[in-house]
Amino acid sequence: MSSELVTVEPRSTVAEAATVMGGRHVGSALVMEEGRIAGIFTERDILRALASDFDAARHAVSQWMTKDPVAIGPETSIREARDTMLEQGFRHLPVMDGGSLVGMVSLRDLSARA
């Protein structure tokens, strides 16, 4: 799990989010609004946006993000997290402890631990 989170605001553009994600070498950013997770924006969302609209780089990530993403708790086992990702087609899951965001886990993180 990574506790150094990459975040963007819903009004950030696809280009801005892609630049932040590329600079941090991550495949996703949490979209935060008023201190809560509004969504998750991933590399797949960037590709989907650009494939759908030639001007998508200027669109807000809120148009392309996955709203209210599935999250796991810190007590979730590696196997459970992996199974959730594989069953639902995710590569990233926020980690929540109660109502607090504590990290992000990626399929790559889990593969390294398996």
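Could you work out the relative contact order of segment 24-75? I mean the mean sequence separation of Cα pairs under 8 Å and 6+ apart, divided by the number of residues, in percent.
Relative CO of segment 24-75 lands at 35 percent.
Carbon and sulfur together cover what percent of the accessible area of the chain at a 1.4 Å probe radius?
Roughly 48 percent of what the probe reaches on the chain is carbon or sulfur.
How big is the antiparallel share of DSSP beta bridges in the chain, given as a percent to the nearest 5?
Restricted to the chain, the bridges split so that about 85 percent are antiparallel.
Could you quote the convex hull projected area for the chain, Cα atoms only and averaged over all directions, in nm²?
One quarter of the hull surface, i.e. the mean projection, equals 6.9 nm².
Counting heavy atoms of the protein chains only and a 1.4 Å probe, report the per residue accessible area for segment 16-86 as a whole number of Å².
60
Suppose a student asked you for the relative contact order of the chain, using Cα pairs under 8 Å spaced at least 6 residues apart; what percent would you report?
Value for the chain: 25 percent.
Once fully extended, how much extra length lies between residue 9 and residue 32, figured as 0.36 nm per residue of separation less the alpha-carbon to alpha-carbon distance?
Stretched fully, the residue 9-residue 32 segment lengthens by 7.7 nm.
In degrees, nearest 10, range 0 to 90: what is the angle between the Cα axis of helix 43-52 and the longest Cα principal axis of the chain?
Orientation of helix 43-52: about 30 degrees from the principal axis.
The values are calculated or read from the model by the stated rules, or taken from the named source; none is laboratory data. The model shown is predicted, which means the values in this text are computed figures rather than measured ones. The protein model used for the area step is the full one, side chains on, heavy atoms only, and it has no ligands, DNA or RNA in it. Shrake-Rupley method; radii C 1.70, N 1.55, O 1.52, S 1.80 Å.
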